[in-house]
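So the structure is just underneath, and the comments pick up after that.
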Amino acid sequence: MPRMLISGGNGFLGSFLAEQAIKEGIEVVVVDDFSTSSEINVPDEVKLVRKKIEDHDDESRYEYVAHLAARPSPEDYITNPISTLLSNSIGTKKMLDIALRSNAVFLYTSSSEVYGEAAIIPTPETYYGYVNPNGPRSCYDEGKRYSEALIMAYYRQYGLNVRIQRPFNVYGPRIRPDGQYGRVIPRFVAQALKGEPITIHGDGLQTRSFLYVDDWVRATWSMLTRDNISGHVFNIGSPDQISVAKLAQTIKELTSSNSRLEMTERREDDPTRRAADITKAKSILGWEPVVGLHQGLQETVEWLRGKIR
C-alpha cells in the first residue's frame with residue numbers, strides 16, 4: 001500500500017487531503033502539533049503524531065510527502081512569528097529530507113501571500129512579488145518564499161520530484177470556527193451569528209478571491225498524482241474578486257443578521273487587491289473552480305452555525 005506523510009494534516013486543508021488519500025487507498029501519517037486546530041479532524045485510519053514538524057524525525061519511506069504545516073492567520077502568525085518561520089524553514093527541510101530519502105513526490109502548500117502588494121491583478125505565477133521583508137507579516141510571507149527557494153534548490157541539485165501550490169483564501173466546512181483566529185470568512189460569520197459588529201480592517205474596499213475547499217482538494221490531488229510537473233508552481237484560487245465590505249454584506253444576508261459593519265484600523269502591509277491568474281492550472285492540470293462563492297458561503301455558514309456558540 002502506498003504511504004503519504006502530511007505535515008499539518010490535522011488542520012483545515014490537511015485534514016481534507018488526508019481524507020482524500022484514505023479514499024484513494026493510501027496509508028496516511030499526519031504530523032501536527034495542534035497549534036492551529038482545537039479538535040481531531042482526520043479520519044480514524046490516519047496515524048497521528050502530535051509534534052511540531054521541525055522536531056519530527058522519521059526514517060520511514062513514503063510515496064508522497066505533503067508539507068502543509070503553517071500558521072495561516074495574520075493574527076496568529078503576527079503573534080507567533082518565530083514558530084511561523086521555523087515551520088517554513090527547519091520544518092520544510094525536514095520534510096524535504098524525508099522525501100529525498102524516500103524518492104517521494106513532494107508537494108508544498110505555499111500561499112498567495114508571496115505576491116505581497118501585487119501590481120498585476122489577477123496575478124500570474126511569473127510575478128515575483130512585492131513584499132516587505134521585515135514587516136509584521138514577513139514571518140509568514142518570507143517564510144513561504146524561503147521554503148519555495150529551498151524546495152527548488154532540492155529540485156535543481158538532487159532532482160527531487162517537487163511541485164508547489166499557491167492557494168488563494170481557501171474556505172469551507174471544517175475551517176476553525178472561532179472568529180478570533182482571524183480568517184475573514186469565519187470571523188465575519190461568527191460575528192454575524194452572534195449579532196456583534198462585523199469588523200473590517202481598513203475601508204473595506206480591498207479585494208480578495210476565495211476558493212471553496214472542494215475545489216482545492218481536486219486541484220491538490222491532481223498536483224500530487226500527475227506526471228511531468230516536477231518543478232512547477234501553480235496558483236490554486238479564483239480569478240474573481242470581491243471587496244471585503246461586499247463579503248461582509250453577503251454574510252449578513254446569508255445569516256439574516258442585524259450586525260452593523262464597523263471599520264477598524266487597516267493592517268500594516270495588508271494587500272489592496274488579490275486574485276489568482278489560473279491560466280496555468282487550466283492549461284496543465286485541466287482544473288478550474290466549479291463552486292461559486294454564494295454556494296460555498298451557504299455551505300460554510302451552515303457548518304459554522306452548528307459550531308459557533
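Since every read-out is calculated from the coordinates, none of them should be taken as a lab result. Remember, it's a predicted structure, so these values are computed and weren't measured experimentally. Cβ sites come from the backbone with ideal geometry, for glycine too, and all protein chains shown count toward neighbours.
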Residue list for the range 103-135, restricted to those being aromatic (Phe, Trp, Tyr) and either at positive phi or buried (at least 17 other Cβ atoms within 10 Å of the Cβ) (or both): Phe106, Tyr108, Tyr115, Tyr127
Residue satisfying all of: in the range 37-85; assigned to a strand (DSSP E or B) and in contact (Cβ under 8 Å) with a residue 40 or more places away in the chain; surrounded by the most Cβ atoms within 10 Å (Cβ to Cβ) among these: Ala66
The range 90-117, residues that are more than 17 Å from the chain's Cα centre (by Cα) and polar (S, T, N, Q): Ser102, Asn103
Residue list for the range 281-309, restricted to those being part of a loop (DSSP other than H, G, I, E, B), more than 13 Å from Val213 (Cβ to Cβ) and out of contact with any Lys or Arg (no Cβ under 8 Å at 6 or more places or on another chain): Gly286, Gly292, Gly306, Lys307, Arg309
The range 104-120: number of residues that are assigned to a loop (DSSP other than H, G, I, E, B) and in contact with a strand residue (DSSP E or B) (Cβ under 8 Å, 6 or more places away or on another chain): 6
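Can you tell me how many residues in the range 86-98 are part of a helix (DSSP H, G or I), surrounded by fewer than 20 Cβ atoms within 10 Å (Cβ to Cβ) and touching a residue at least 40 places away in the same chain (Cβ under 8 Å)? If you could, list the steps in order and put the result at the bottom.
Filtering the range 86-98 down to residues part of a helix (DSSP H, G or I) leaves 86-87, 90-98.
Keeping just the survivors that are surrounded by fewer than 20 Cβ atoms within 10 Å (Cβ to Cβ) gives 86, 90, 93, 97.
Retained after the next criterion (residues that are touching a residue at least 40 places away in the same chain (Cβ under 8 Å)): 93.
Count: 1.
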